[in-house]
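The values are calculated or read from the model by the stated rules, or taken from the named source; none is laboratory data. Bear in mind that the values here come from a model prediction, so they are computed numbers and not experimental data. Here the Cβ positions follow ideal geometry from the backbone for every residue, glycine too, while neighbour counts run over all protein chains shown. Only protein heavy atoms, including side chains, enter the accessible area calculation; ligands, DNA and RNA are left aside. Shrake-Rupley method; radii C 1.70, N 1.55, O 1.52, S 1.80 Å.
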Amino acid sequence: MSTVLFEKEGFVGTITLNRPDKLNALNAELVGELHRVLAEVRRDKDLRALIVTGAGDKAFAAGADIAAMSTMTGPEAKAFGELGHAVGAQMETLAIPVIAAVNGFALGGGCEMALACDFIHASTKAKFGQPEVNLGVIPGFGGTNRLARRVGIGRARELCFTGDVIGAEEALRIGLVNGIHAPEELLGKVKEIAAKIATKGPLAVAQAKRVLLRGLDVPLPTANELEVQAFAALFGSEDQREGMAAFLGKRPANFVGR
Ligand code: COA
């Protein structure tokens, strides 16, 4: 049985972390498989949005696999952390939006994988946290700094120093998740959002994703320069001509991603 499942419906792909008997804990096999699936997603020019969720009704992922980590040496932990970071970077640098549908526990590496997605929607049963300090370590898949960028440095510090686990309402309140939904409705709601994105100009969505990500790491004037370059680069594309002609012709646009 594969530890990562992938399915495609129209323009939308769904990745399911699939070790439900271990609450989808992230071992090297699963993270490696995720890396391979994401490389395939990157090559698939028909996809316009990607959803990441967890198998079963208890967890998105309850963290990196503690049993596997318990015997790791420092160099082995470094390689494992780098693999997790590579997966996070893959999700962030895909041209298409990646939405986390957090259906239960998103702890440790699970929270980090959700944070590497462009945004998160969660079930009312979801629980989030970076409890690594309980194990004598810290997040190793990008969680510390992505959490700070998502919810602010003070809240990130408190979560990382206390190991506290928070519920969906609190995650919504602090801006960690964008929306919460009844468990049985979560995937459907996220598919609706993904399908809506898929109707928009793919080149434009890709540029918006790129500018929003890169803009986080540079001063505002540089970020604004990135934006104006990306804005200008879209002019002359088939999609720009189609989008504007459709508006003026009072008809829906049909974007092709060119
Ligand atoms: N690594 C490895 N195995 C894990 C795991 C993890 N991060 N999280 C859960 N599992 C395994 C359990 O060992 C158990 O396996 P078993 O049935 O072979 O004993 C199985 O998943 C079910 O978990 P269990 O603890 O029985 O479920 P629960 O509902 O009682 O508790 C949690 C759920 C999430 C509170 C609990 O599993 C937990 O605290 N997990 C670790 C969370 C964590 O610290 N994550 C950060 C890691 S860096």
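What do you reckon, is Ala28 within 13 Å of the chain's Cα centre (by Cα) and within 13 Å of the ligand (Cβ to nearest atom)? Don't jump to the end; show me each part of the working.
Numbers: within 13 Å of the chain's Cα centre (by Cα): no; within 13 Å of the ligand (Cβ to nearest atom): yes.
Taking the combined requirement at face value, the residue does not satisfy it.
Okay, residues lined up against (1) buried (at least 19 other Cβ atoms within 10 Å of the Cβ); (2) of a type in the set (Ser, Thr, Tyr); (3) within 14 Å of the ligand (Cβ to nearest atom):
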position: Ala114; (1), (2), (3): yes, no, yes
position: Phe119; (1), (2), (3): no, no, no
position: Gly129; (1), (2), (3): yes, no, yes
position: Gly136; (1), (2), (3): no, no, yes
position: Gly140; (1), (2), (3): yes, no, yes
position: Ile153; (1), (2), (3): no, no, no
position: Phe161; (1), (2), (3): no, no, no
position: Ala171; (1), (2), (3): yes, no, no
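Kindly list, by first and then second residue, each pair from a residue in segment 85-111 that is open to solvent by 10 Å² or more (accessible area, probe 1.4 Å) to a residue that is assigned to a helix (DSSP H, G or I) and within 10 Å of the ligand (Cβ to nearest atom), limited to pairs with Cβ atoms under 6 Å and residues at least 6 apart or on different chains.
These pairs meet every condition: Leu107/Pro131.
Which one of these does Ala232 not meet: (1) out of contact with any Gly (no Cβ under 7 Å at 6 or more places or on another chain); (2) open to solvent by less than 40 Å² (accessible area, probe 1.4 Å)?
Among (1) out of contact with any Gly (no Cβ under 7 Å at 6 or more places or on another chain); (2) open to solvent by less than 40 Å² (accessible area, probe 1.4 Å), Ala232 violates only (2).
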